[in-house]
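Have a look at the structure below, then the notes.
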Amino acid sequence: MEILELLQSNTLPIIVLGCGVVGYILKEYIPLDSKHIPLIMAVLGIVFNIAINGYIGVAETIIAGAVSGLASTGLHQVFKQYFNDKKEVE
């Protein structure tokens with residue numbers, strides 16, 4: 001239960017949204033191997049977090065940024081599977 005609480009408290013919606021937009025652009029318009037996108041999103045999440053909040057400390061800055069960036073990757077997969085399932089039903 002502690003891990004879930006840690007993830008929930010360190011996920012920042014604005015960073016998830018920003019990384020989601022950048023991740024979508026990378027996926028759709030730039031010839032890049034998909035296996036590199038989660039790493040790019042984690043690093044970008046850290047950069048966004050430092051830009052928004054400044055460097056507060058390791059847990060507050062690096063972990064929250066990386067978790068938020070990776071959450072955008074997971075959120076993309078959830079939407080992708082949801083909409084693919086909707087198309088198959090029709």
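A few remarks follow.
- Degrees between helix 37-53 axis and first principal axis of the chain (Cα, 0 to 90, nearest 10): 40 degrees
- Full-extension gain in nm, residue 25 to residue 47, via 0.36 nm per residue minus C-alpha separation: 6.2 nm
- Pair residue 80, residue 36: separation of 7 Å Cα→Cβ label points (nm): 1.6 nm
- The chain, accessible area per residue, ligands and nucleic acids excluded (1.4 Å, Å²): 71 Å²
- Rounded tilt (10° steps) of 13-29 against the dominant C-alpha axis of the chain: 40 degrees
- Label zone of residue 9 (point 7 Å out along Cα→Cβ, amide N under 14 Å): in region 45-85 this covers 59-61, 63-64.
- Taking the accessible area of the chain, probe 1.4 Å, and keeping the other protein chains in place, the carbon and sulfur fraction comes to 68%.
- Between helix 64-89 and the chain there is an angle of about 10 degrees, using the helix long axis and the longest principal axis of the Cα atoms.
The values are calculated or read from the model by the stated rules, or taken from the named source; none is laboratory data. Keep in mind the model is a prediction, meaning the values are calculated, not measured. Counting neighbours? That spans all protein chains shown, and the Cβs are built from the backbone with ideal geometry, glycine included. For accessibility, only protein heavy atoms count, side chains too; no ligands or nucleic acids. Shrake-Rupley method; radii C 1.70, N 1.55, O 1.52, S 1.80 Å.
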